[in-house]
Amino acid sequence: MRVTRDTLMKIAHTTASQYSANDRSLICIYLSGSLLSDTPLLAGTADIDLICVHNQEPHSRREVIRLTDDIHLDIAHLPISIYHQPRHLRLNPWVGSYLIADPIMLYDTRHWFEFTQASVAAQFNQPENVLGRVRPLAEAARQDWLQLSSTAEPTTPQRLLTYLHALESASNAIACLHGTPLTERRFWTEFPRRAEALNRPGLIAHLAGLVMTRPVSEEDWNAWLIDWENAFATVSTQSNAPVKLSPCRLAYYKSAIDIFHSDLPLAALWMLLRTWTLAASCLRANSPAMHAWQVFCQSLALDETGFSDRLTGLDVFLDNVEETIDQYAHQNGI
């Protein structure tokens, strides 16, 4: 099957028509994510991001539906109550930012989408509102650091997930000074541009050092890929599997990891580390798959031996992020 942007758009419209015909609670469906760009496919794979707004609390907040091995639907279900206060959405870096980032309306009732989008867009980019979006992200990262620093425990999947969440939150605090939050597969293609736009290129190398401290050999990399795929496949069939590790997302991640490995190894490692650690959080502590993840962390100096140094580096990185935000506030007279 030859997949193009037009093919994906037709699928999005068809899906919206089917959902709106079968669910009377739907107020609106709009398209977001990479399909809004001219290059939605990455290594031949893509997800179709749909936001479904309901007039009541939906049965589930997210579902992932396989279309082919390379294409899937990623559907968020949100209650209309989230949108009741436009001024609150102006401070929401996720729902608010993507609502005004030129999404495509696929289904609407009573011009709800047009009215809501216009209400949120008004004053959205005023410096006060920008700071209202980024400061909570920086504060969340600092809270993660404080939690990690308060105990000297062995590195567990949950502990490393907290560390990665701190990196993501802090990076998005920088990214959201001039744009939407960073998506997972394109995180390392976009963050350097955002940091450069702020004339803070030092943040790029600093963040990179918090993820990867040395080049990775091909032997290690190939062994990691095998163990990662095994962990992903194992967890994806479990009842407690996170939605983002649904079986149909294996090719979505693997294709991107493969294409980035040669040209942007940090982007490949970032996806591998995040998804593998999330999978490990669902594994039995004494399983062979968990042991493989522990060896992987040790190779990256992310085990208990090297973790204290990472926390020291994270502290400095967060100081620089906070300084950048304060500089933005000062430049805008706040």
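The values are calculated or read from the model by the stated rules, or taken from the named source; none is laboratory data. None of the values given here were measured: they were computed from a predicted structure. Note: ideal-geometry Cβ built from the backbone for every residue, glycine included; neighbour counts use all protein chains shown.
So the values come out like this:
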{"quantity": "Number of the exception - Ala329 against (1) of a type outside the set (Val, Ile, Thr); (2) in the same structural domain as Leu148 (by TED's automatic domain parsing); (3) not in a loop (DSSP other than H, G, I, E, B)", "calculated": "(2)"}
{"quantity": "Failed criterion for Arg185 (all others in (1) closer than 30 Å to Thr14 by Cβ; (2) surrounded by fewer than 20 Cβ atoms within 10 Å (Cβ to Cβ); (3) among the charged types (D, E, K, R) hold)", "calculated": "(2)"}
{"quantity": "Whichever residue in segment 109-129 is under 16 Å from His84 (Cα atoms) and of a type in the set (D, E, K, R) and, among such residues, is nearest to the chain's Cα centre (by Cα)", "calculated": "Glu114"}
{"quantity": "Residue list for segment 19-56, filter: more than 30 Å from Asp258 (Cβ to Cβ) and in a strand (DSSP E or B)", "calculated": "Leu26, Ile27, Cys28, Ile29, Tyr30, Cys52, Val53, His54"}
{"quantity": "Test: residue in segment 127-146 that is aliphatic (A, V, I, L, M), surrounded by fewer than 16 Cβ atoms within 10 Å (Cβ to Cβ), touching a residue at least 60 places away in the same chain (Cβ under 8 Å) and closer than 20 Å to Val211 by Cα", "calculated": "no"}
{"quantity": "Residue among Ala301, Ala289, Ala279 that is touching a helix residue (DSSP H, G or I) at 6+ places or on another chain (Cβ under 8 Å) and on the phi > 0 side of the Ramachandran plot", "calculated": "Ala301"}
{"quantity": "Unique residue being charged (D, E, K, R), outside the structural domain of Phe260 (by TED's automatic domain parsing) and in contact with a Cys (Cβ under 6 Å, 6 or more places away or on another chain) when the list is Arg66, Arg24", "calculated": "Arg66"}
{"quantity": "Criterion: within 15 Å of Trp188 (Cα to Cα), more than 17 Å from the chain's Cα centre (by Cα) and surrounded by fewer than 19 Cβ atoms within 10 Å (Cβ to Cβ) - qualifying residue of Ser262, Ser308, Ser299", "calculated": "Ser262"}
{"quantity": "Helices (runs of 4 or more DSSP H) (entirely within segment 57-137) containing at least 3 residues that are modelled with pLDDT of 95 or more", "calculated": "95-99, 112-121"}
{"quantity": "Residues located in segment 199-257, provided they are crowded, with 16+ Cβ neighbours inside 10 Å and within 30 Å of Asn332 (Cα to Cα)", "calculated": "Arg200, Leu203, Ile204, His206, Leu207, Ala208"}
